[in-house]
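The values are calculated or read from the model by the stated rules, or taken from the named source; none is laboratory data. Predicted, not measured: the structure shown is a model, and the values here were computed from it. A quick note on method: Cβ atoms are made from the backbone with ideal geometry, for glycine too, and the neighbour counts reach across all protein chains shown. Just so you know, the surface numbers come from the protein's heavy atoms only, side chains and all, with ligands and any DNA or RNA stripped out. Shrake-Rupley method; radii C 1.70, N 1.55, O 1.52, S 1.80 Å.
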Amino acid sequence: MAEAKRNMVVLHREARGWTQTDLAENSGLSQAVISKIETGSLELSGERLMDLAKALDCPPGVLVKAETLPGIEITCLHHRRRASTMTVGVMKRIEAVTHLTRISVEGLLAGIELVPDAGLARMPIGDDQSAAVIARELRIRWGVPAGPIKNLVALIESAGIVIVVRDLGTTGQDAVSTWPQESNRPPIMLVNSGLAPDRLRFTLAHELGHLVMHTAPGEEQESEANIFAGEFLAPEQEITPELEGLTTNDFRRLLASKQKWGMSMAALIRRAHDLRQITDRQYREFYMKLGKLGWRISEPGDVAPEDPHSIGRVISLHQTSHHYDTAEIASLAGMTEASFFRHYLPDSGIPEPRTQLKLGLDHG
Ligand SMILES: [Zn+2]
């Protein structure tokens with residue numbers, strides 16, 4: 001998909017998972033009027049603009065902006081569209097949130113140059129370069145020492161990839177990544193909120209694989225990204241001795257490996273299968289056992305949580321070096337202050353504006 005002009009009302013509406021009827025109910029405008037605004041046959045201004053902006057919780061100005069957005073080229077999204085049970089509405093919502101996140105992130109980065117510590121370059125997958133080879137090569141390029149990666153989020157951020165955590169409104173999709181071909185546009189990983197730390201790590205490694213290896217959707221891209229993630233997190237040479245001779249009686253051993261490598265037992269079992277340390281039949285037995293134990297939904301064994309920090313650092317740079325207040329920073333992100341706080345500063349402890357109720361003795 002090439003660059004395309006997108007109607008910003010549509011984008012903001014879809015990001016909320018709303019139909020035109022939902023927006024009509026929330027804004028007080030008729031569905032017919034909204035339809036005309038969205039197709040561009042009715043110009044948006046005045047009171048209607050205010051009503052829509054209020055309903056969509058965004059500054060009025062962003063709704064009439066002509067944003068040219070890059071297509072979402074490399075992502076699990078297009079691949080999954082064919083096979084998955086996700087509804088069109090959910091897919092549209094994720095796509096819209098992805099676009100709006102890029103607009104916000106690029107707005108926040110205005111006047112700030114990210115200086116990566118580790119270089120990031122595309123390493124297209126091909127006949128001479130398998131996913132595992134690329135993963136090993138990237139570990140070398142980034143100077144990752146042998147053994148487990150202590151903080152994968154920090155490592156990925158150090159390469160200039162922006163990680164944003166958002167509620168994607170579904171449990172059917174863990175993340176979306178985009179990296180437009182144009183220079184100077186940052187790669188962004190949008191990750192669903194509420195992922196367990198082990199799942200987050202595998203997801204980020206999987207997305208890293210997409211960003212580095214894939215420029216166009218391909219049939220094998222999901223399994224390639226999984227192989228990349230496995231090799232990047234737990235290189236074959238190092239993990240194989242831990243997986244040799246594994247049986248379904250060895251969950252204690254798997255648990256130890258999980259905590260060491262920061263990788264779920266389910267992912268380690270798949271890794272054992274990929275590396276031919278267990279047979280197809282054993283693989284199925286492992287999965288049946290995981291199901292019986294209820295571990296396909298929630299596994300035991302803690303993995304240290306990891307949080308992204310680069311956007312937070314960008315925001316504090318605006319505050320300290322540019323002396324912007326939060327209203328100004330929110331406007332850079334194309335967001336209302338309330339929505340900006342909710343999405344980017346949820347733990348800042350700055351209270352939402354509230355109405356004061358004066359308590360006093362009633363002398364009447
Ligand atoms: Zn994927």
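Just a few scattered comments:
- Accessible carbon and sulfur surface of the range 92-248 relative to its total accessible area, %, 1.4 Å: 51 percent
- For the listed peptides 205-217, 313-325, a ranking on the average number of other beta carbons within 10 Å per residue, highest first, reads 205-217, 313-325.
- Projecting the Cα positions of Ala229, His206, Gly262 onto the charge dipole of the range 198-266 (unit charges on Cβ atoms of Lys, Arg, Asp and Glu, taken about the Cα centre) puts Gly262 furthest along the positive direction.
- For the range 105-209, the relative contact order is 26 percent, taking Cα pairs closer than 8 Å that sit 6 or more residues apart in sequence and dividing their mean separation by the residue count.
- Debye equation applied to the C-alpha atoms of the chain, log10 I(q)/I(0) at 0.10 Å⁻¹: -0.71
- Taking every Cα-Cα distance in the range 134-279 and sorting them into 5 Å bins from zero, the calculated P(r) comes out as 2, 9, 19, 22, 21, 15, 8, 4, 1, 0, 0 percent.
- Label-to-label distance, Ala118 versus Met86, with points set 7 angstrom from Cα along the beta-carbon direction: 2.6 nm.
- Of the chymotrypsin sites (Phe, Trp or Tyr not before Pro) found in the range 219-296, not one falls in a DSSP loop while having at most 14 other beta-carbon atoms within 10 Å.
- Per residue, the accessible area of the chain comes to 52 Å², computed with a 1.4 Å probe over protein heavy atoms only.
- Alpha-carbon Rg with Dmax, taken over the range 156-220, Å: 12.0, 33
- Gain upon complete extension [Ala66, Thr21; 0.36 nm per residue less C-alpha separation]: 13.8 nm
- Looking at the range 92-177, the GluC sites (Glu not before Pro) that sit in a DSSP loop and have at most 11 other Cβ atoms within 10 Å of their own Cβ are Glu113.
- Taking Cα centre as origin and charging only the Cβ of basic (Lys, Arg, +1) and acidic (Asp, Glu, -1) residues, the dipole magnitude of the chain rounds to 700 debye.
- Sequence-distant contacts, meaning Cα pairs under 8 Å at least 6 residues apart, place the relative contact order of the range 171-279 at 23 percent.
- Label-point separation, Ile297 to Gln259 (7 Å along Cα→Cβ), nm: 2.5 nm
- Based on every Cα atom in the range 201-260, Rg and the maximum pairwise Cα distance Dmax equal 13.9, 42 Å.
- Relative contact order (%) - the chain, alpha-carbon pairs under 8 angstrom, separation at least six: 19 percent
- Principal-axis analysis of the Cα atoms of the chain puts helix 88-108 at an angle of about 80° to the longest axis.
- Cut-off 20 Å, label 7 Å out along Cα→Cβ of Arg6, residues of the range 188-214 by amide N: 188-193, 211
- Heavy-atom accessible area ranking, 1.4 Å probe, most first, across Ser104, Ser35, Ser298: Ser298, Ser35, Ser104
- The C-alpha atoms of the chain define a longest principal axis, and helix 197-213 lies at about 90 degrees to it.
- DSSP bridge pairs, the range 40-198: antiparallel proportion in percent, nearest 5: 50 percent
- Ellipticity estimate at 222 nm from DSSP helix runs (n ≥ 4, -39,500 (n - 2.57)) divided over the chain, nearest 500: -15000 deg cm²/dmol
- C-alpha long axis of helix 265-274 to longest principal axis of the chain, angle in °: 50 degrees
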